[in-house]
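Okay, so here's the structure we're looking at.
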Amino acid sequence: MLAVAIAAALPLASAPTPARAAQTVDGLHQTYQGGRLRGRSAAPVAYRDWWFTGTPADQVTKVAGAPTASFARDRPTGSTPVVQSGAALNTAGGQTTPGSPTVVSWRGAYRGVIDGDVELRWFWTSVNPVSQVGAVVEVTFFADPDPLPGIPAEVIGQKRVRVAAGPTPTFNTSVVPVSGKVQHTLVVQARMVYVDVSTELRTVYGSADYPAEFRVPPPGLTGAAGARPYSVEVPARGPVLGVQAAYIGRDATEPTIGVARDNTAYFAALAGGDGVTKVMRSTDGGREWESVSPTLPDGQTNDPPGTADPYVFVDATTGRVFSVDLYAGCSHMLFSDDRGSTWTRAPLACGKPANDHQTIWAGPPPKGVTTRGYPNMVYYCASQVIDADCGRSFDGGRTWEPTPSLAFVGLDQEAGGLCAGYHGHVRVDRDGRIYLPKGHCGFPWVAVSEDAGSTWKQVKVSDRVKAAGYHTNLATDDEGNVFYVWWDEDYKLPWLSVSRDHGNHWSEPLMIAPPGVQAVNFPSIAAGNAGRIAINFPGSTSKVADPYRPWNSYLVISTNALDRAPVFQSTTANPLSDPIHRGDCDSRCGAMLDFMEIVISSAGEAWASATDTCGEDCAARMSGAIPPGGTVATSADGVAVRQLCGPALRGPARALRGPGCR
């Protein structure tokens, strides 16, 4: 389907929007090297089996505050099973202390190091049909929960798993990564979350018919997913990474950012208050921002009048600014060649209607393809419910047509079945190749086209490290190398893989979280000169997934990412005393949702978009005004992050020397 462009000069919107003063952030600075999964042993793993034991009174004694459920090395032989139940609480917060009457738990003597994936083989039952299709259980391993002098209590493992629970006890296998030292007591706990509140879940154990257990791999060997990888701090070298953070003065859910060659920056996001996009512009290095969004002829509302997904992209080679909004099943596109003073409207950017989670990028045409009136090809990709499809424009976004073939088919038997159509952000390399990354049936994949989308090749980036979601991300450097990042299903950590042959083959994945980071969400990446990359993501150093868990905005860079053992520098774009989120951040992370972006300017600076969800409701949560099971953070202040200090990522090797640099 061809979308006909309607060119219109639309007036500038409002006067500058007030924002908090930009500040140079004194964050947590680290220099480190990443870690890899340890190799699997060809021989069977010699698990140490611990069998859940107890008495028929386990449920009663637990409620009374004197729990008797435990575990032992001997397999149970009795004929009478033990039943323990937990309240089906429909809450998102974690349980940070053991022994609650509403959870299932076992307590026993234990001494030693646990380092790897602990496998739970257990039985669950419920009379509720909703639970039979799979209930979510949060499993926590507590080391030494009764503190002794000099021995603090610690959560050494926590993960949410899905268990099937039928009318009769149903066998489940669950895997939880655990890492820590136990000196005298271990508690294994299961808390029910996301379960219909009309019933409870029950676990059955302690008999020959229901021999429930947890299995601990010896240190240094792997379980189902491999031992948890660790980053290692190394001596700092070169200039220290430093950033500026500026609040743009507007709500910002799903924020994206772009920077032109003259360092004019643009920021767009969905605002929860009015449901419309405002394209914000900064001409002073990201310190102050103003709206340059066009208005409709009545002067009252934005164009378009509403959005489900906003997106801003700046073609660095031409300076053209594209603003794309998902609206009524397709997308409205606006572009500006005069820094947002006037806009041209091309209402149907998608090529096909009924799409979601759109993304846009521009790059040179591949060999044999000719553009019309604009030097670059422009590509638009979106989920078409099941498939991942793209549109293309030969004239700079004025008219559109669908690419002749799909980037990904959602029903992909070779990849694993129904993989759906959601994907990450499209990219174009220096030779005109298109790359579309995707978490495809649980693993990182990329679709590559060398002929402007006429044909596509799908490549699996890793069959060893799973993808936690569909929104993976990649970038190409100025020499054509490709860098792919994603967060994994088992540990919720960021991974990097590199291709030197245009996406055909990929390096062994490298875990790239700074030391101490326990979980991240939606990492994104940009690349400059060969091997120079920048990555941003929200991340937490807390092992405990409770309602108070703090999350920070991280910027990570490397100037030698093509090396076998690259060195990374990181900093938080917020002070540690002022996190950007608290609570659950698995998947869409409160009001951030799933668009975040990072780019590298022609000056060699990394610029990133972020959302600070930790407004008044976070303060109320910490003070106790919002209980642990209360509502999640709903504020969403837009933040533009600019690299001021550290090595330049584009141009001659040099140090950036912005305000406050060390």
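Show the residues, 5+ positions off or on another chain, whose built amide H is closer than 5 Å to the amide H of Gly646.
Val240, Gly242, Leu656
Could you work out the local net charge near Ala66, counting Lys and Arg as +1, Asp and Glu as -1, over the other residues with Cβ closer than 12 Å to its Cβ?
+1
Might you tell me the accessible area per residue for region 477-541, computed with a 1.4 Å probe and given in Å²?
For region 477-541, the solvent-accessible area averages 21 Å² per residue.
Provide the three semi-axes, in whole Å and in decreasing order, of the ellipsoid equivalent to region 375-501 as defined by the square roots of 5 times the Cα gyration tensor eigenvalues.
24, 18, 11
Using amide H atoms built in the peptide plane, which far-off residues or other-chain residues are under 5 Å from Asp546 H to H?
Under 5 Å from the amide H of Asp546 lie the amide H atoms of Gly94, each far enough along the sequence or on another chain.
Which Rg and Dmax, in Å, describe the Cα atoms of region 528-622?
Rg, Dmax (Cα atoms, Å): 15.1, 47.
In whole Hz and in residue order, list the ³J(HN,Hα) couplings for region 29-34 that follow from phi through the Karplus curve 6.51 cos²θ - 1.76 cosθ + 1.60, θ = phi - 60°; x for Gly and Pro.
Rounded to whole hertz, the list is 9, 9, 10, 7, 10, x.
With a point put 7 Å past each Cα toward its Cβ, work out how far Val136 is from His184 in nm, to one decimal.
Label-label distance for Val136 and His184, simple model: 3.6 nm.
Report ³J(HN,Hα) in whole Hz for each residue of region 312-317, in order, from the Karplus equation J = 6.51 cos²θ - 1.76 cosθ + 1.60 where θ = phi - 60°; Gly and Pro get x.
10, 9, 10, 6, 5, 7
What are the ³J(HN,Hα) couplings of region 279-291, residue after residue, when phi is run through the Karplus curve with 6.51, -1.76, 1.60 and θ = phi - 60°? Round to Hz, x for glycine and proline.
7, 9, 10, 10, 10, 10, x, x, 7, 10, 10, 9, 7
What distance in nm separates the two pseudo spin-label positions at Asn560 and Arg662, each 7 Å out from Cα along the beta-carbon direction?
Each label point lies 7 Å from its Cα, and together they span 2.0 nm.
Where in region 418-441 is the amide nitrogen less than 20 Å from a point lying 7 Å along the Cα-to-Cβ axis of Ala316?
The answer is 425-437, whose backbone nitrogens lie closer than 20 Å to the label point.
So what does Tyr47 come to for accessible area, using a 1.4 Å probe and Å² rounded to 10?
Using a 1.4 Å probe on the heavy atoms, I get roughly 50 Å².
Using modelled backbone amide H atoms (1.01 Å from N, in-plane), which distant-in-sequence or interchain residues come within less than 5 Å of Asn473's amide H?
Val485
For region 462-537, give the percent of accessible area contributed by carbon and sulfur heavy atoms, probe 1.4 Å, rounded to a whole number.
Here carbon and sulfur together make up 43 percent of the probe-accessible area.
Can you pull the percent of region 405-457's accessible area that's carbon plus sulfur, 1.4 Å probe, other chains left in place?
That share works out to 52 percent.
The values are calculated or read from the model by the stated rules, or taken from the named source; none is laboratory data. All of these numbers come straight from a predicted model, not from anything done at the bench. Using ideal geometry, Cβ is built from the backbone for each residue, glycine included, and neighbour counts are taken over all protein chains shown. Protein only, heavy atoms only, side chains kept; ligands, DNA and RNA dropped before computing areas. Shrake-Rupley method; radii C 1.70, N 1.55, O 1.52, S 1.80 Å.
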